1. Could you tell me what a quarter of the Cα convex hull surface of segment 85-124 works out to, in nm² with one decimal place?
2. Once amide H atoms are built 1.01 Å from N in the peptide plane, which residues 5 or more positions from ALA103, or in another chain, come under 5 Å H to H?
3. Run through every distinct alpha carbon pair of segment 2-123 and return the Kirkwood hydrodynamic radius in angstroms, one decimal place.
4. Using the Cα centre as the reference, give the magnitude of the dipole from point charges on the C-beta atoms of segment 1-105 (Lys, Arg: +1; Asp, Glu: -1; all else neutral), rounded to the nearest 20 debye.
5. Given q = 0.20 Å⁻¹, what are the Debye log10 I(q)/I(0) values for segment 1-42, with equal point scatterers placed on the Cα positions and solvent ignored?
6. Among LEU41, SER97, LEU4, pick out the residue whose Cα is farthest towards the positive end of the charge dipole of the chain, where Lys and Arg carry +1 and Asp and Glu carry -1 on C-beta, about the Cα centre.
7. Is it possible to state the helix-based mean residue ellipticity at 222 nm for the chain, with each DSSP H run of 4+ residues giving -39500 (n - 2.57), the sum divided by total residues, to the nearest 500 deg cm²/dmol? What is it?
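We did not get these values from a lab; they are worked out from the coordinates using the rules stated. Just so you know, these numbers come straight off a predicted model, no measurement behind them. Here the Cβ positions follow ideal geometry from the backbone for every residue, glycine too, while neighbour counts run over all protein chains shown.
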Amino acid sequence: MKILVVDDEKDMELLFEQRFRKEIKEGIVEFAFAFSGEEALYYLDQHDQEAVLILSDINMPGMSGLELLKLIKQKFQSPPPVVIMITAYADAESYNSAMNLGADDFITKPIDFSLLKEKLKIKVNGQNISSR
């Protein structure tokens with residue numbers, strides 16, 4: 001399973017690689033990283049939607065995660081990627097905006113990786129990556 005993580009904080013790449021070390025080593029999950037909304041759209045265009053799941057920060061310079069979400073849901077419809085929004089601000093307005101734009105789920109920072117793995121089990125064809 002290919003997951004695209006979109007976050008302007010570059011240390012997120014190392015964090016995901018550490019927290020999913022076992023799943024990466026076993027070939028269960030593969031990550032790609034984009035550090036802006038624009039970079040994420042370029043990646044999706046170049047890789048023919050091979051990412052089945054997109055984890056996107058909401059607050060980024062330039063294109064926000066909500067703007068990115070809207071474009072992804074408009075442009076990439078078959079198959080529609082699963083998009084989970086990530087934010088440090090767990091306010092109702094951010095949540096409602098994300099869900100209204102088509103987000104499949106919403107998680108807050110700091111990321112609870114146990115919870116994220118459980119959500120991934122549910123979101124991606126029932127494949128349980130957390131118990132392998």
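1. Numbers: hull surface 11.0 nm².
Value for segment 85-124: 2.8 nm².
2. Amide H to amide H, under 5 Å and 5 or more residues apart or across chains, ALA103 pairs with nothing.
3. Details: mean 1/r = 0.0696 Å⁻¹.
14.4 Å is the Kirkwood radius here.
4. Values: 9 positive and 20 negative charges, 55 e Å.
Charge dipole, segment 1-105, about its Cα centre: 260 debye, nearest 20.
5. Scattering profile of segment 1-42, log10 relative to I(0): -0.59.
6. LEU4
7. On the way: 6 runs with 55 residues, N = 132.
-12000 deg cm²/dmol, from helical runs alone.
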